[in-house]
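I have placed the structure first, in the form of structure tokens, so that the comments after it can refer back to it.
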Amino acid sequence: LSSWMEKERIQFALAAGLGAGLVFLTKPEIFLALTVCAGMAFGMGFNYKPTGFAVKSLAAFLLAGLVPLLVFFASFLRVEAWQASACSVISAWTPLWHTPITQDPYYQWCLGLDTPFIYLKQMRYHYIFIAGVSAIYALVFGRAMERWLKWVKPSWLVMPLLAAPLVVLAIVLSWDDCGRSLPLLGLSACGLLAMNCRNDATRTAAIFPLLWNVFGLGLLAKLGFFTRISHYGFALAMPAFAGAVYLFVWLLPKVLEQKCQVRFHLFRATACLVLLTGFVHLFLRSESYYRQKNVSVGRGGDKIMAYEPSVDPFLGRVEVALSWIQTNVPSNATLAVLPEGTMINYLSRHVNPSPCLVWVPPVMAVFGQTNMNAAFENNSPDYVVIIARNSSEFGVGYFGYYRRYGTELKKWIDGHYDRVYPADPTGKPPSGNNPFFGLQILKRRPPAGKD
């Protein structure tokens with residue numbers, strides 16, 4: 001898109017449209033952010049480019065975007081009817097039509113809708129703090145202050161002395177929450193870049209970063225009020241985070257130099273020191289998690305490092321269960337893991353014949369619990385692994401003990417399968433007082449009249 005703006009060649013609009021069509025097939029939130037970005041690009045194109053060229057480019061963009069959809073539609077037609085093929089093409093968008101998903105406690109938390117005013121307050125305070133510190137250092141590094149600092153000898157001490165308080169502050173602050181102000185920082189970057197786009201001399205250099213920051217803001221929309229750089233959604237925050245780094249190491253120092261005679265290199269070097277401090281903090285935090293992953297699961301090329309038992313006591317049971325499956329389950333037997341755990345299928349090399357691989361409330365809300373139950377019963381596996389995974393983030397507990405979370409399927413499994421592997425280390429079967437015993441494996445009973 002930026003190359004189309006800079007070089008005025010329609011083939012770049014074609015390439016962008018083709019890419020947009022491919023994105024449509026995958027993640028709706030990325031496509032919607034890209035749509036906003038493309039809207040900004042073509043809005044600028046109609047404003048700064050000849051109208052005829054902009055119209056032809058937009059038409060090329062839209063037509064090219066249809067190509068991936070038609071190709072995959074034709075591919076699906078080989079194995080299913082045209083209605084099902086059309087549904088397959090738009091399958092990534094299906095969850096958006098099920099509004100109950102947004103009422104799920106998990107999505108309420110992910111979007112910050114559980115406590116929106118708290119997150120808005122944090123966003124405001126973080127931004128005010130950053131803006132205030134930036135203003136102070138813009139004043140300190142202004143050329144008007146140079147005569148007040150001439151008494152410091154030798155002169156090379158000036159920079160460390162001025163930057164030291166901010167670096168110390170950056171060391172003691174918590175960087176885990178540095179994503180809170182990303183929406184406001186992104187808006188600030190877009191505002192400054194939009195000003196540059198109004199100037200013919202600076203427009204070309206501003207196009208790509210402007211589109212990047214618009215794209216980043218679009219991705220942040222899925223995070224709602226709870227913008228963050230860790231846990232669920234961290235990848236959505238990456239473009240905005242990179243845009244914030246660009247804001248402080250280039251864009252803001254350049255604007256301050258041009259408008260306020262602030263020393264560009266001093267301001268930029270100080271910003272880099274602060275950001276480097278934050279990066280070290282985040283790196284060490286990440287390493288602290290990796291250090292706890294010192295237990296191997298799987299063998300050979302399948303080996304994965306996982307958390308030690310003191311962090312995840314359930315891991316040891318999974319390893320024992322895998323050994324039991326490899327020893328006692330025939331290689332051609334089928335296996336399903338409930339409510340989720342396809343990795344067990346992969347590590348044990350047993351196929352799940354059911355089309356339903358994940359049984360969590362949001363997925364069940366999209367496809368319908370009754371439909372999923374029927375699909376499982378019609379494609380029932382030889383063995384079933386039931387994992388006692390606490391799903392409290394979805395507003396429920398353990399699979400099979402909540403009306404909207406697998407009770408009907410659990411009853412059907414109890415009527416058609418026998419328990420062959422107890423997860424309880426003592427070997428005792430689950431009791432009414434302790435139904436959540438970790439992990440169990442069940443084997444399908446032979447049809448009546450057969451051994």
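Compute the signed sum of charges (Lys and Arg +1, Asp and Glu -1) over the other residues within less than 14 Å, Cβ to Cβ, of LEU315. Don't jump to the answer; show the numbers that get you there.
On the way: positive: LYS293, LYS303, ARG317, ARG389; negative: GLU308, ASP312, GLU319.
Within the 14 Å Cβ shell, the charges total +1.
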| task | Starting from 0 in steps of 5 Å, tell me what percent of the Cα-Cα pairs of the range 53-114 lands in each bin. | result | 4, 15, 14, 13, 12, 11, 14, 12, 4, 0
| Considering the alpha-carbon set of the range 359-403 alone, what are its Rg and its Dmax in angstrom? | 11.4, 31
| task | Report, in degrees rounded to the nearest 10, the 0 to 90 angle that the Cα long axis of helix 10-24 makes with the longest principal axis of the chain. | result | 40 degrees
| message | Within 15 Å, Cβ to Cβ, of LEU58, how many net charges do the neighbouring residues add up to if Lys/Arg are +1 and Asp/Glu are -1? | response | +2
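Based on the inverse mean of 1/r over its pairs of different Cα atoms, what is the Kirkwood hydrodynamic radius of the chain, in Å? Before the final figure, lay out the partial values.
Numbers: mean 1/r = 0.0376 Å⁻¹.
Its Kirkwood hydrodynamic radius stands at 26.6 Å.
How high is the relative contact order of the range 12-104? Use alpha-carbon pairs under 8 Å, at least six apart in sequence, and give a whole percent. Provide the component values of the computation, followed by the final result.
On the way: 66 pairs, mean separation 37.1, N = 93.
Relative CO of the range 12-104 lands at 40 percent.
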| Helix-derived [θ] at 222 nm for the chain: sum -39500 (n - 2.57) over DSSP H runs of at least 4, divide by residue count, nearest 500? | -18500 deg cm²/dmol
| message | 5 Å is the cut-off here: which amide hydrogens, built 1.01 Å from N in the peptide plane, fall below it relative to TYR402, excluding neighbours closer than 5 in sequence? | response | THR407
| query | Just the accessible area for ARG124, please: 1.4 Å probe, Å², rounded to the nearest 10? | reply | 120 Å²
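Could you grab the Rg to Rh ratio for the range 330-391? Cα atoms only, Kirkwood for Rh. Provide the component values of the computation, followed by the final result.
Numbers: Rg = 11.5 Å, Rh = 11.9 Å.
Taking Rh as the inverse mean 1/r over Cα pairs, Rg/Rh reads 0.96.
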| request: Compute the signed sum of charges (Lys and Arg +1, Asp and Glu -1) over the other residues within less than 12 Å, Cβ to Cβ, of GLN108. | output: -3
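Using a Förster distance of 51 Å, how high is the FRET efficiency between ASN199 and GLU393, based on the Cβ-Cβ distance and rounded to 0.05? Each step should come with its number before you reach the end.
On the way: r = 49 Å, r/R0 = 0.96.
Efficiency for this residue pair is about 0.55.
If you roll a 1.4 angstrom probe over the protein chains with everything in place, what fraction of the accessible area of the range 216-363 belongs to carbon and sulfur, to the nearest %? Intermediate values should be presented prior to the final figure.
Working: 4880 of 7610 Å².
It is 64 percent, rounded to a whole number.
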| Say the dipole of the range 267-372 comes from +1 at the beta carbon of Lys and Arg and -1 at that of Asp and Glu; which of ALA321, PHE279, SER310 then lies farthest toward its positive end? | PHE279
| remark: Rounded to the nearest 10 degrees, the helix 234-246 long axis (Cα) sits at an angle to the longest Cα principal axis of the chain of 10 degrees
| What accessible surface, in Å², does a 1.4 Å probe find on TRP250, ignoring ligands, DNA and RNA and rounding to the nearest 10? | 100 Å²
| query | What's the angle, to the nearest 10 degrees (0 to 90), between helix 116-140's Cα axis and the longest principal axis of the chain? | reply | 30 degrees
| Give me the Kirkwood hydrodynamic radius of the range 8-141 in Å, from all C-alpha pairs, to one decimal place? | 18.7 Å
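Per residue, how many Å² of accessible area does the range 282-391 show with a 1.4 Å probe?
52 Å²
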| request: On each of the three principal axes of the Cα atoms of the range 166-321, give max minus min coordinate, whole Å, ordered largest first. | output: 67, 34, 31
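Calculate, in nm to one decimal, what ASN47 and ASP177 gain on full extension: separation in residues at 0.36 nm each, minus their alpha carbon distance.
Full-extension gain reported as 42.9 nm.
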| For the range 204-244, which chymotrypsin sites (Phe, Trp or Tyr not before Pro) are both in a DSSP coil and crowded by at most 12 other Cβ atoms within 10 Å? | none
| field | Calculated SAXS-style log₁₀ I(q)/I(0) at q = 0.19, 0.21, 0.23, 0.24 Å⁻¹ - the range 200-261, Debye, Cα scatterers | value | -0.75, -0.84, -0.93, -0.97
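When N is the residue count of the range 237-328, what does its C-alpha Rg come to as a fraction of 2.2 N^0.38 Å? Provide the component values of the computation, followed by the final result.
Values: Rg = 23.2 Å, N = 92, 2.2 N^0.38 = 12.3 Å.
Its radius of gyration relative to the 2.2 N^0.38 Å reference: 1.89.
The values are calculated or read from the model by the stated rules, or taken from the named source; none is laboratory data. Since this is a predicted model, take the numbers as computed values, not measurements. Neighbour counts are summed over all protein chains in view; Cβ atoms, including those assigned to glycine, are modelled from backbone coordinates with ideal geometry. Areas reflect the complete protein model, heavy atoms only, side chains present, ligands, DNA and RNA absent. Shrake-Rupley method; radii C 1.70, N 1.55, O 1.52, S 1.80 Å.
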